1. Given the conditions (1) touching a helix residue (DSSP H, G or I) at 6+ places or on another chain (Cβ under 9 Å); (2) on the phi < 0 side of the Ramachandran plot, which single one is not true for Leu87?
2. Somewhere in the stretch 113-130, is a residue acidic (Asp, Glu) and out of contact with any Lys or Arg (no Cβ under 9 Å at 6 or more places or on another chain)?
3. Regarding Ala115, is this residue of a type in the set (A, V, I, L, M), surrounded by fewer than 16 Cβ atoms within 10 Å (Cβ to Cβ) and free of Cβ contacts under 8 Å to residues at least 60 places away in the same chain?
4. Answer with yes or no whether Thr47 is without any contact (Cβ under 8 Å) to a residue 12 or more places away in the chain and either within 23 Å of Ile161 (Cβ to Cβ) or not in a strand (DSSP E or B) (or both).
5. Can you tell me how many residues within the stretch 16-35 are surrounded by 12 or more Cβ atoms within 10 Å (Cβ to Cβ) and assigned to a helix (DSSP H, G or I)?
6. Are any of the residues in the stretch 126-137 of a type in the set (Asp, Glu) and in a strand (DSSP E or B)?
7. From the list Ile36, Ile18, Ile27, which residue is modelled with pLDDT under 95 and aliphatic (A, V, I, L, M)?
Amino acid sequence: MPAAANSASQERNIRMRIAQRGDAEAIARLINAAFIVERVAFDGDRTDTQGVREYMEKGTFLVADDATELSGCVYVEIRGDRSYLGLLSVAPARQGTGLGRQLVAAAEEYARKAACRAMELRIISPRAESLLPFYQHLGYAQTGTAAFPAEVTTKMPCHYILMTKPLR
């Protein structure tokens with residue numbers, strides 16, 4: 001079967017749902033696989049099972065899965081009438097299939113249902129070349145920058161690029 005047809009078939013079998021506590025280990029593996037590209041700026045894994053559980057105490061992970069595995073996830077934190085999107089992760093084999101856009105849309109819908117008027121996110125400066133156009137295409141606008149926390153060790157100078165999108 002051609003790759004495009006196979007991808008379309010896989011995407012139809014994807015189910016979006018709110019993650020459960022028992023998904024934490026699989027979510028950590030997925031995030032670390034997807035965030036391996038950030039090793040240009042950081043050493044080691046992006047998170048672990050305990051870190052995912054800590055995120056779950058403050059917000060919600062939406063996951064995309066099929067009958068066999070998690071294919072993607074995104075973290076959403078409600079902050080009054082604003083929301084935060086983070087840790088958008090797509091399994092390397094599924095990248096480029098539109099699943100990232102679907103996860104962002106699901107996160108935005110989740111935030112709208114929570115009466116949020118805007119979604120905020122941040123990207124790291126070394127990934128700006130690829131991530132800025134992706135998020136701009138989805139309607140996000142750059143709103144500023146922020147320094148990394150002092151306790152975060154990077155291999156190169158880095159800062160956050162802040163973006164936001166109104167939710168209507």
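1. (2)
2. yes
3. Numbers: of a type in the set (A, V, I, L, M): yes; surrounded by fewer than 16 Cβ atoms within 10 Å (Cβ to Cβ): yes; free of Cβ contacts under 8 Å to residues at least 60 places away in the same chain: yes.
Yes: the conditions hold for Ala115.
4. Considered against the rule, which asks whether it is without any contact (Cβ under 8 Å) to a residue 12 or more places away in the chain and either within 23 Å of Ile161 (Cβ to Cβ) or not in a strand (DSSP E or B) (or both), Thr47 comes out as no.
5. Number of matching residues: 13.
6. no
7. Result of the check over Ile36, Ile18, Ile27: Ile36.
The values are calculated or read from the model by the stated rules, or taken from the named source; none is laboratory data. Quick caveat: nothing in here was measured; it's all calculated off a predicted structure. Cβ: placed from backbone, ideal geometry, glycine included. Neighbour counts: every protein chain shown.
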